[in-house]
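J.: Starting off with a structure, shown below.
The values are calculated or read from the model by the stated rules, or taken from the named source; none is laboratory data. Remember, predicted model here, so these are calculated numbers, not experimental data. A quick note on method: Cβ atoms are made from the backbone with ideal geometry, for glycine too, and the neighbour counts reach across all protein chains shown.
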């Protein structure tokens, strides 16, 4: 049975308490907490408070959505330690990270080696606490292409390093289906939304393509949680309907 949740950065203007209440009312299972506004990196007191509020509401913490960029800082041990401290207090099983700050086509072999080495180092740091790392499939990073993402995961070669999948709104349906199938075995959570390069649409308008995406994850090697990200109108009032659509899609 798939689990459902919300990416908290969908509503940066709301407090953690408001997001928790809305998620619970929408019948979601949990939340990925963002590391910019809701659970600022390094502020362990807030992380502890948000974890307590989440657990008391009967919700799960699916991930800590950090903005840690592998390969982007010299003192990466110190930088990642702050991220890890927050994730530990949040009781997050996964930390979302980014792979470098430019696309795969522009990353040199020397930069790739650095990316792999640093990823291994922070993965080993996280593994001591039973925490996994998931690279986001994001434009402007090395994992902007699924072939590159697979190469990176293979080279890092750590059991606690995986991917966080989402459709690439700049690519075709064919590409996104290929990516979902190829990355299924190394994917943890899936960010769920329906938009293109021009605008966002209600999830209900993307039923057919999302049924295809979901079919790519029917036999997951890793547990998957489908996490709603960004309502088409940025309104918390749209969350119940989006949650209803998502749960209906996962039942089909």
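J.: I'd like to check something: does the range 228-236 contain any residue that is part of a helix (DSSP H, G or I) and in contact with a helix residue (DSSP H, G or I) (Cβ under 9 Å, 6 or more places away or on another chain)?
T.: Yes, there is a match, as at least one residue in the range 228-236 is part of a helix (DSSP H, G or I) and in contact with a helix residue (DSSP H, G or I) (Cβ under 9 Å, 6 or more places away or on another chain).
J.: Follow-up question, since we're still on this one. Can you tell which of 144, 124 is at pLDDT 95 or above and surrounded by fewer than 16 Cβ atoms within 10 Å (Cβ to Cβ)? Spell out how you get there, then give the answer.
T.: Working: 144 fails: surrounded by fewer than 16 Cβ atoms within 10 Å (Cβ to Cβ).
None of the others qualify; the one that does is 124.
J.: Assuming residue 199 fulfils every condition listed in (1) closer than 26 Å to residue 23 by Cβ; (2) modelled with pLDDT of 95 or more; (3) out of contact with any strand residue (DSSP E or B) (no Cβ under 8 Å at 6 or more places or on another chain) apart from one, which condition is it?
T.: (2)
J.: Further, regarding this structure: Could you list all residues from the range 66-101 that are touching a strand residue (DSSP E or B) at 6+ places or on another chain (Cβ under 6 Å) and on the phi > 0 side of the Ramachandran plot?
T.: Listed by number, the list holds a single entry, 91.
J.: Scanning the range 1-36 for residues that are out of contact with any strand residue (DSSP E or B) (no Cβ under 9 Å at 6 or more places or on another chain) and in a helix (DSSP H, G or I), which turns out farthest from residue 87 (Cα to Cα)? I'd like the intermediate steps shown before the answer.
T.: Narrowing the range 1-36 to residues out of contact with any strand residue (DSSP E or B) (no Cβ under 9 Å at 6 or more places or on another chain): 1, 11, 13-15, 17-18, 21, 24-25.
Within this subset, residues satisfying the condition of being in a helix (DSSP H, G or I) are 11, 17-18, 21, 24-25.
On the way: 11: 20, 17: 18, 18: 21, 21: 21, 24: 22, 25: 25 Å.
Ranking the candidates gives 25 first.
J.: Filter the range 217-235 down to the residues that are under 22 Å from residue 201 (Cα atoms) and surrounded by 17 or more Cβ atoms within 10 Å (Cβ to Cβ) and list them by number. Break it down stepwise before answering.
T.: Going residue by residue through the range 217-235, those that are under 22 Å from residue 201 (Cα atoms) are 225-235.
Answer for the range 217-235, where residues must be under 22 Å from residue 201 (Cα atoms) and surrounded by 17 or more Cβ atoms within 10 Å (Cβ to Cβ): 225, 226, 227, 228, 229, 230, 231, 232.
J.: Scan the range 176-187 and give yes if some residue there is in a strand (DSSP E or B) and crowded, with 21+ Cβ neighbours inside 10 Å, otherwise no. Explain how you work it out, then say what you get.
T.: We begin by selecting, within the range 176-187, every residue in a strand (DSSP E or B); these are 187.
Applying the additional criterion that residues be crowded, with 21+ Cβ neighbours inside 10 Å yields 187.
Yes, because at least one residue in the range 176-187 is in a strand (DSSP E or B) and crowded, with 21+ Cβ neighbours inside 10 Å.
Matching residues to (1) within 18 Å of residue 36 (Cα to Cα); (2) surrounded by fewer than 14 Cβ atoms within 10 Å (Cβ to Cβ); (3) modelled with pLDDT under 95:
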| site | (1), (2), (3) |
| --- | --- |
| 66 | yes, no, no |
| 106 | no, yes, no |
| 130 | no, yes, no |
| 156 | no, no, no |
| 161 | no, no, no |
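J.: Which residue pairs have Cβ atoms closer than 9 Å, lie 6 or more positions apart in sequence or on different chains, and pair a first residue in the range 71-82 that is farther than 13 Å from residue 42 by Cα with a second residue that is assigned to a loop (DSSP other than H, G, I, E, B)?
T.: 71/100; 71/101; 71/107; 72/100; 72/101
J.: Would you mind finding the one in 21, 32, 56, 74 that is surrounded by fewer than 20 Cβ atoms within 10 Å (Cβ to Cβ) and closer than 23 Å to residue 138 by Cβ?
T.: On inspection, the qualifying residue turns out to be 74.
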